[in-house]
Amino acid sequence: MDVSRIGDRLFGWIIVLVILLQAMREWAGVEWVSLPLLVSLLVIVAIMALRASKGGLIFLGVCLVLTIALAFNNEDWQEILSGALIKAGFLASFFSALSILRNAASSSPAMSKSGAFLAAQPPGRRYISLSFGSQIFALLLNFGAIQLLGTLALSSAKSEPDERVRAIRTRRMLLAIQRGFISALTWSPMAFSTAMAVATIPGISWMGIAMPGLVSSVLLLGTGWALDTIFKPRPQGGPRLRRSSGLHWTVLLPLVALLVIIMVPVLSIEVMFGIRIVGVVLLVVPILSIIWMLIQQKDAFAVGQTLLSYVHKELPAFRSDLLLLMTAGYIGVVGAALLVPMMADAGIDLTIIPGWFLLIALVWIMPVMGQVGSNPILTLSLVAPMLPDAAAFGLDPRAFGVAMLCGWALTGLTSPFTATNILVGRFGDIPVVDVGRVWNRSYFFIAVTLLCLWTLVFAYWVV
């Protein structure tokens, strides 16, 4: 066995250890896990650094510079650095735990049939079917939802002989999928957006932001459906005949059942035991995923081999993604620890800003930063610690969470550096910058206006 394969297997098993340690920290609140957790994370970083790309090395270099700067400027630098590293480890473990669910879902024939049924809907129902379906698939597959439904959408569009109509249909279907996906970012308990908001903004929980997040989601879905309905092109020569997919709506029942099976225990544990939903997901989702694999394969040995392949091959293949996630979280925490004292020394007091203006700024800051390449994780990690106490504005901290989750969703819609736009650009065969700035331009300005208004309504009239 060569050294690289040994390194891959070591990396995979340490990631599994990190998931378990993070889960123990969330469930039992034991502090002794912090030391082995920090050691494990340092080993992971070292392994990633040895085989990092040029971009990854740049991010690691920024982390190193910020670490040195913090050590020279803050007496509590060791505590801050350990907290930043644990935050980075949380991101790695959350991503890896959810990837087990994606692994189980991707091999399920029921998922493919559900996606094919949504993509084969007639024009009057196709947009809403795909956008709503994309939101549901996002809970299970994350970005895999765009990959699955995008592939099925292209396959469905190929049946159209008219090239112009085929291009229009492809665009509408891809936008429905993308807009449905980003609408889940405002409330989904298995999205990085809500996980980061709960972990970073003091005083909020998933249960506290879920309902206003669902309203944000409805606004995003409704805006997309309205624009598609009002401005959809009318085919010349009357309606076109569509080939039936041969699938009945009942193919969606396994998808609904799966969501219930996942959501009920996750939400019940948070309510009954007060464990943060991000901690519940770390343990419950992998267990349910393994049970799902056993139901599908009906062979414990085969499932064991699948899990070994996941640890030995799939997790190491995510090294670059994990490096991006971990460094973004680390840079945000350490950068905020450096900026907050600098702002205080400069006499910058955010409490003099009107609360309504700050909330609108929070909605806008992520999509604006996304245009210059800032990852939403980095922006949230950097901005949240600099926010004053919400009570200073007469606000509930949930208002900050709702605003920043709206901004996160809009970033996934417009930033050419996000996976959503990259995937849609690839499927639509257009430059990635055109996805946000051409295809989604009108939708963005309407959506951001509605979301700003909803954020203010929630902050001042609902809470």
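Read-outs throughout are calculated quantities, based only on the coordinates presented, and are distinct from any laboratory measurement. Bear in mind that the values here come from a model prediction, so they are computed numbers and not experimental data. Note: ideal-geometry Cβ built from the backbone for every residue, glycine included; neighbour counts use all protein chains shown.
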Can you pull out the chymotrypsin sites (Phe, Trp or Tyr not before Pro) in the stretch 300-405 whose DSSP state is coil and whose Cβ has at most 11 other Cβ atoms within 10 Å? none
Report the Stokes-Einstein translational diffusion coefficient (µm² s⁻¹, integer) for the stretch 263-325, Rh taken as the Kirkwood radius over Cα pairs, at 37 °C with viscosity 0.692 mPa s. 242
In deg cm²/dmol, rounded to the nearest 500, the helical mean residue ellipticity at 222 nm of the chain, built from -39500 (n - 2.57) for every DSSP H run of length 4 or more, is -25000 deg cm²/dmol
Would you calculate the separation in nanometres between label points at Val340 and Ala419, each defined as 7 Å from the Cα along the Cα-to-beta-carbon direction? 3.0
Between Arg276 and Ile230, what length comes free when the chain is fully extended (0.36 nm per residue of separation minus the Cα-Cα distance, one decimal in nm)? 12.4 nm
Students often check this: by mean Cβ neighbours within 10 Å, which of 28-39, 134-145 ranks highest, and how do the rest follow? 134-145, 28-39
Top positive-direction residue, dipole computed over the chain with Cβ charges, set Val448, Val165, Leu395: Val165
Pop the C-beta distance of His312 and Ala46 into the FRET formula with R0 = 22 Å and round what comes out to the nearest 0.05. 0.70
Give, as ranges by residue number, the residues of the stretch 19-49 whose backbone N falls under 19 Å from the point 7 Å along Cα→Cβ of Trp13. 19-22, 36-48
Just how far, in whole angstrom, is the stretch 398-457 from the stretch 282-300 if you go by their alpha carbon centroids? 34
Which whole-angstrom value gives the distance between the alpha carbon centres of the stretch 162-189 and the stretch 50-106? 32
Cα centroid separation - the stretch 344-362 against the stretch 364-395, whole Å: 12
How many lysine pairs are close in the chain, with Cα atoms under 29 Å apart and the two 8 or more places apart or on different chains? 9
Taking a label point 7 Å from the Cα of Val368 along Cα-to-Cβ, the residues of the stretch 328-349 whose backbone nitrogen sits under 17 Å from it are 349
Each label point is 7 Å from the Cα along the Cα-to-Cβ direction; what then is the distance between the points at Val3 and Lys298, in nm? 4.7
Within the stretch 184-210, what residues put their amide N at less than 18 Å from the label point 7 Å along the Cα-to-Cβ vector of Asp76? 200-203
Two-site FRET efficiency, Thr250 against Asp389, from Cβ-Cβ distance with R₀ of 45 Å, rounded to 0.05: 0.30
Would you mind getting me the FRET efficiency between Ser106 and Val457? Use the beta-carbon distance for r and R0 = 30 Å, nearest 0.05. 0.15
Whether the stretch 1-132 is rounded, prolate or oblate, judged on the alpha carbon gyration tensor where a/c under 1.5 counts as rounded: prolate
How many percent of the alpha carbon pairs in the chain exceed a separation of 33 Å? 38
Test of understanding: what is the full-extension gain from Ile446 to Leu350, defined as 0.36 nm times their sequence separation minus their Cα-Cα distance? 31.8 nm
Contour minus Cα-Cα distance for Ile287 and Leu38 (0.36 nm per residue): 87.2 nm
